[in-house]
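The structure under discussion appears below in the form of structure tokens.
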Amino acid sequence: MSDLEGCGELRVVPAAGERELADWRAVHNAVVPTAVLSEAQVRERAGRNRLEVAYLGGAAVGCSTVRPPDGETPAATVIARILPEHRRRGFGTVLYERGLGHARTLSGAGVETVVLASNEEGLRFALARGFTEVERYVLPGDTIPFVTLRLV
């Protein structure tokens with residue numbers, strides 16, 4: 001059974017070309033408006049992380065990031081983002097499961113995710129999949145915290 005089965009015409013592709021990077025950026029910035037990324041920042045992230053874009057027909061509806069472990073945490077990080085008008089249709093699950101499979105090849109020290117605290121649907125999504133909160137932090141100049149959650 002395909003991880004896309006039951007999700008209609010959803011297509012997930014690497015954010016490698018100009019269009020995909022722009023679409024990834026547009027979804028990210030819509031879902032995380034407190035941490036808007038520039039084109040240059042997205043290109044830099046694409047060089048060190050696995051970025052994917054989910055399309056329904058020709059429209060971008062979601063994006064994901066898989067970050068390898070780094071000096072701050074030995075865990076890999078999986079983040080799935082779906083535009084609000086496309087949630088609760090299984091698209092987030094597809095992106096999350098794809099990311100989780102890749103993350104598990106990067107680290108045996110666990111998996112984390114990060115959700116903007118104001119994204120209540122995203123927090124519920126993570127908690128329903130077995131993540132537990134481990135930290136909240138606020139970026140300089142922001143007022144809404146990010147929540148780091150670890151898969152247990």
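I'd like to check something: does the range 73-86 contain any residue that is at pLDDT below 95, open to solvent by 20 Å² or more (accessible area, probe 1.4 Å), out of contact with any Asp or Glu (no Cβ under 9 Å at 6 or more places or on another chain) and under 22 Å from Arg150 (Cβ atoms)?
Within the range 73-86, one or more residues are at pLDDT below 95, open to solvent by 20 Å² or more (accessible area, probe 1.4 Å), out of contact with any Asp or Glu (no Cβ under 9 Å at 6 or more places or on another chain) and under 22 Å from Arg150 (Cβ atoms).
Among the residues that make up the range 105-112, is at least one of them in a loop (DSSP other than H, G, I, E, B), modelled with pLDDT of 95 or more, open to solvent by less than 50 Å² (accessible area, probe 1.4 Å) and of a type outside the set (Ser, Thr, Tyr)? First the steps, then the outcome.
At the first step, the residues of the range 105-112 found to be in a loop (DSSP other than H, G, I, E, B) are 107-110.
Retained after the next criterion (residues that are modelled with pLDDT of 95 or more): none.
No, every residue in the range 105-112 fails to be in a loop (DSSP other than H, G, I, E, B), modelled with pLDDT of 95 or more, open to solvent by less than 50 Å² (accessible area, probe 1.4 Å) and of a type outside the set (Ser, Thr, Tyr).
Would you check if Val94 is outside any helix (DSSP H, G or I), open to solvent by less than 20 Å² (accessible area, probe 1.4 Å), out of contact with any Lys or Arg (no Cβ under 6 Å at 6 or more places or on another chain) and among the hydrophobic types (A, V, I, L, M, F, W, C)?
No, not satisfied.
Spot the failing condition for Glu135; the list is (1) assigned to a strand (DSSP E or B); (2) of a type outside the set (A, V, I, L, M, F, W, C); (3) surrounded by 20 or more Cβ atoms within 10 Å (Cβ to Cβ); (4) touching a Ser or Thr at 6+ places or on another chain (Cβ under 6 Å), and only one is missed.
Only one criterion is unmet by Glu135, namely (3).
Determine which single condition Glu121 fails, assuming it passes every other condition in (1) of a type in the set (Asp, Glu); (2) touching a Pro at 6+ places or on another chain (Cβ under 8 Å); (3) not in a helix (DSSP H, G or I).
Only one criterion is unmet by Glu121, namely (3).
So, in the range 9-29, of the ones that are touching a strand residue (DSSP E or B) at 6+ places or on another chain (Cβ under 7 Å) and not in a helix (DSSP H, G or I), which residue ends up surrounded by the most Cβ atoms within 10 Å (Cβ to Cβ)? Walk me through it before giving the result.
As a first pass, look at the range 9-29 and keep what is touching a strand residue (DSSP E or B) at 6+ places or on another chain (Cβ under 7 Å): 9-15, 20, 23-24, 26-28.
From the residues that got through so far, the ones that are not in a helix (DSSP H, G or I) too are 9-15.
Details: Glu9: 9, Leu10: 21, Arg11: 14, Val12: 18, Val13: 14, Pro14: 13, Ala15: 27.
For the range 9-29, the residue satisfying everything is Ala15.
Report, ordered by the first and then the second residue, all pairs with beta carbons closer than 8 Å, sequence separation of six or more or different chains, a first member in the range 61-73 that is within 24 Å of Val31 (Cα to Cα), and a second member that is open to solvent by 10 Å² or more (accessible area, probe 1.4 Å) and of a type in the set (Ser, Thr, Tyr).
Ser64/Tyr96; Pro68/Ser107; Pro69/Ser107
Taking Val138, is it among the hydrophobic types (A, V, I, L, M, F, W, C) and touching an Asp or Glu at 6+ places or on another chain (Cβ under 8 Å)?
Values: among the hydrophobic types (A, V, I, L, M, F, W, C): yes; touching an Asp or Glu at 6+ places or on another chain (Cβ under 8 Å): no.
Taking the combined requirement at face value, the residue does not satisfy it.
Given the options Ala128, Ala117, name the one that is of a type in the set (A, V, I, L, M) and either surrounded by 14 or more Cβ atoms within 10 Å (Cβ to Cβ) or at positive phi (or both).
Just one listed residue meets the conditions, Ala117.
When residues of the range 30-48 are filtered for being crowded, with 17+ Cβ neighbours inside 10 Å and under 23 Å from Pro140 (Cα atoms), how many remain? Before the answer, list the steps.
Restricting attention to the range 30-48, the residues satisfying the condition of being crowded, with 17+ Cβ neighbours inside 10 Å are 31-32, 42, 45-46.
Right, trim to under 23 Å from Pro140 (Cα atoms) and you get 31-32, 42, 45.
The total comes to 4.
The values are calculated or read from the model by the stated rules, or taken from the named source; none is laboratory data. As the structure is a prediction and not an experimental result, all values here were calculated from the model. Reconstructed Cβ throughout: ideal geometry from the backbone, glycine too, with neighbour counts over all protein chains shown. Side chains included, ligands, DNA and RNA excluded: accessible areas come from the protein's heavy atoms. Shrake-Rupley method; radii C 1.70, N 1.55, O 1.52, S 1.80 Å.
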